[in-house]
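Some notes on the structure that comes next.
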Amino acid sequence: MAELHYEENCAIMRFVGIFSGKWVLPIIYHLIQAQQAVRFSQLQKALAPITQKELSKQLKLLEEHLLIQKTIYPEVPPRVEYAVTSLGRSLENSIQALAQWMEDYEKQLNYLK
């Protein structure tokens, strides 16, 4: 019988494996709040100081996990828009709960020193 690693047995570790990037939750949350498809340049401006390279990388990963969808319009120049999927939208309450926790307990955290 093969031995499973901790990450494979622990839901929180699997979650962190997907959502540990600095920009993952802000991207998803921005798309949820936008309530419509958003162009790449709009996302980059809203999430400044994210770099174009990092935003592109994170969007690709989120698309692979089916949390967002990318639509390419056959125009010249091509227009690309991103929107949160229903799976991604299901994270809204969890993200808001984490934000509320931070509001409530931020002053107690040692990182402020």
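Out of everything in the range 21-74 that is small (Gly, Ala, Ser) and surrounded by 12 or more Cβ atoms within 10 Å (Cβ to Cβ), what residue ends up being modelled with the lowest pLDDT?
Taking the range 21-74 first, the residues small (Gly, Ala, Ser) are 21, 34, 37, 41, 46, 48, 56.
Narrowing the set further to residues that are surrounded by 12 or more Cβ atoms within 10 Å (Cβ to Cβ) leaves 21, 34, 37, 46, 56.
Numbers: Gly21: 88, Ala34: 96, Ala37: 97, Ala46: 96, Ser56: 96.
Top of the filtered list is Gly21.
Taking the range 40-75 as the range and being assigned to a loop (DSSP other than H, G, I, E, B) and β-branched (Val, Ile, Thr) as the test, the residues that pass are Ile50, Thr51.
Return the residue satisfying two criteria in turn: it lies in the range 75-97 and is aliphatic (A, V, I, L, M) and touching a residue at least 24 places away in the same chain (Cβ under 8 Å), and of such residues it is surrounded by the most Cβ atoms within 10 Å (Cβ to Cβ). Break it down stepwise before answering.
Initially, the range 75-97 is screened for residues aliphatic (A, V, I, L, M), giving 76, 80, 83-84, 87, 91, 95, 97.
Still in the running and touching a residue at least 24 places away in the same chain (Cβ under 8 Å): 80, 83-84, 91, 95.
On the way: Val80: 15, Ala83: 17, Val84: 26, Leu91: 18, Ile95: 16.
Across the range 75-97, the extreme among qualifying residues is Val84.
Rundown of residues vs (1) within 18 Å of Ala99 (Cα to Cα); (2) hydrophobic (A, V, I, L, M, F, W, C); (3) over 12 Å from the mean Cα position of the chain (by Cα), yes/no style:
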residue	(1), (2), (3)
Arg14	no, no, yes
Val24	yes, yes, no
Ala37	no, yes, yes
Gln44	no, no, yes
Glu81	no, no, yes
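Of the residues that sit in the range 85-113 and are in a loop (DSSP other than H, G, I, E, B) and either of a type in the set (Ser, Thr, Tyr) or modelled with pLDDT of 95 or more (or both), which one is farthest from Leu43 (Cα to Cα)? Steps first, answer last, please.
Taking the range 85-113 as the starting set, the residues that turn out to be in a loop (DSSP other than H, G, I, E, B) are 85, 90-91, 109, 113.
Okay, now just the ones that are also either of a type in the set (Ser, Thr, Tyr) or modelled with pLDDT of 95 or more (or both), so 85, 90-91.
On the way: Thr85: 16, Ser90: 20, Leu91: 19 Å.
Only one residue fits best here, namely Ser90.
Scanning the range 76-84 for residues that are closer than 14 Å to His30 by Cα and part of a loop (DSSP other than H, G, I, E, B) turns up nothing.
The values are calculated or read from the model by the stated rules, or taken from the named source; none is laboratory data. Quantities reported herein were computed from a predicted structural model and do not represent experimental measurements. Heads up, the Cβs are rebuilt from the backbone with ideal geometry, glycines too, and the neighbour counts pull from every protein chain shown.
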